[in-house]
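Here's the structure, in structure tokens; my notes come after.
The values are calculated or read from the model by the stated rules, or taken from the named source; none is laboratory data. None of these values were measured; they are calculated from a predicted model. Backbone-built Cβ (ideal geometry, glycine too); neighbour counts: all protein chains shown. Note: areas computed on protein heavy atoms with side chains; ligands, DNA, RNA excluded. Shrake-Rupley method; radii C 1.70, N 1.55, O 1.52, S 1.80 Å.
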Amino acid sequence: MSARQTKPQPLSDTEVRQIAADLAAGRPPMVWFTAEAVGVPEGRSGKVLALGDPSEGDFLQVKPTGSKDVLSFSPTEVTLTKPARRPAPEAAAKPRKDTPVSMPSSVAPSVASSPLPPSPRPVSTPEAPAASKPAPAEADGPAEGAAPKGAAAKSASRPATKAAAAARKPKPPEVTVTLSGTADGEWTVDVVNGKKRTVRGLAVAGSAVAQAAKLLHPEVAEVVDSVLDSVRSSQRAKVEQLQSELDQARRVLDELQG
């Protein structure tokens, strides 16, 4: 009953805010993994190194004790409550103390009875060991067969645990570069590193865009050149229109001054 009462509870919103405050103060808090944790044994400890976006679910970045990897977990997989020690080792130790006492009593009759058969019939003594040899072999057979089964079960569970831990390893951040252009010939670049926008609306010269497009791929250069040609044509038309308006304004000014 006491084990059920002290069962670790998942993180609450208040505890998540407390972890965020500890991280902001430079004190990575210690947590313990619950039975819901995948790839990590229940009761193992770890340190929270960072918090992500709660909408992702597994937003707690935890480094298990003794591991070099930082894995992602949800609030249901870790707890701030340290699990209590189990009293199972004490109960298991009691039968070990009793077993040495019971063994001599069972061995003594067999030792006392073993000298009796050889004395009346000395000829049958070689046959007795030969007949008794198959019995230990049969007794040892199941014990030896049981050991590989247990070892095979453990070895089969290890790849599943490693695969689950590998699935939780954080992926390297992806970088996305976006080039945008307008009809007026204005070019800007946006850079997103993972989920964080590091560069927003950085102005880039059209000549630099054309040079970069030629270095990337011929198809990219063809598309960018067509856009630049369209911008050049619109700018020439705008210059001609402004030049015409400027000439007309000068004529009007000359007539007013004359």
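Legend: residues Val209, Val177, Val199, sorted from most to least accessible area (1.4 Å probe; ligands, DNA and RNA excluded), read Val177, Val199, Val209. When the residues Lys47, Lys82 are ordered by accessible surface, computed with a 1.4 Å probe over the protein chains alone, the sequence from largest down reads Lys82, Lys47.
Under a 5 Å amide H cut-off, with hydrogens placed 1.01 Å from N, Thr65 pairs with Ser45, Gly46, Lys47 among residues at least 5 apart or on other chains. For Ala50, the amide hydrogen comes within under 5 Å of the amide hydrogens of Gln61, counting only partners 5 or more places away or on other chains and with H modelled in the peptide plane. Separation of the range 182-235 and the range 16-69, taken as the distance between their Cα centroids, equals 42 angstrom. Applying 1/(1 + (r/R0)^6) with R0 = 30 Å to the Cβ-Cβ distance of Ser45 and Ala24, what FRET efficiency is obtained, to the nearest 0.05? My answer for the efficiency is 0.90. Computed extension length for Glu255-Val192: 16.8 nm, one decimal, from 0.36 nm per residue of separation with the Cα-Cα distance subtracted.
Karplus-derived 3J(HN,Hα) values for the range 17-26, using 6.51 cos²θ - 1.76 cosθ + 1.60 with θ = phi - 60°, are 5, 5, 5, 4, 5, 5, 5, 5, 8, x Hz; glycine and proline are entered as x. With a Förster radius of 41 Å applied to the beta-carbon distance between His217 and Ala84, the computed FRET efficiency rounds to 0.05.
In order along the range 249-256, the phi-based Karplus estimate (6.51 cos²θ - 1.76 cosθ + 1.60, θ = phi - 60°) of 3J(HN,Hα) comes to 5, 5, 4, 4, 5, 5, 5, 5 Hz; Gly and Pro are listed as x. Computed from the C-beta positions of Ala210 and Ala237 and an R0 of 35 Å, the FRET efficiency is 0.95 to the nearest 0.05. Placing unit charges on the Cβ atoms of the charged side chains and taking the dipole of the range 194-247 about its Cα centre, the candidate lying farthest along the positive direction among Ala221, Gly194, Leu242 is Gly194. For GluC sites (Glu not before Pro), the sites in the range 175-258 that DSSP calls loop and that have at most 16 other Cβ atoms within 10 Å are Glu186.
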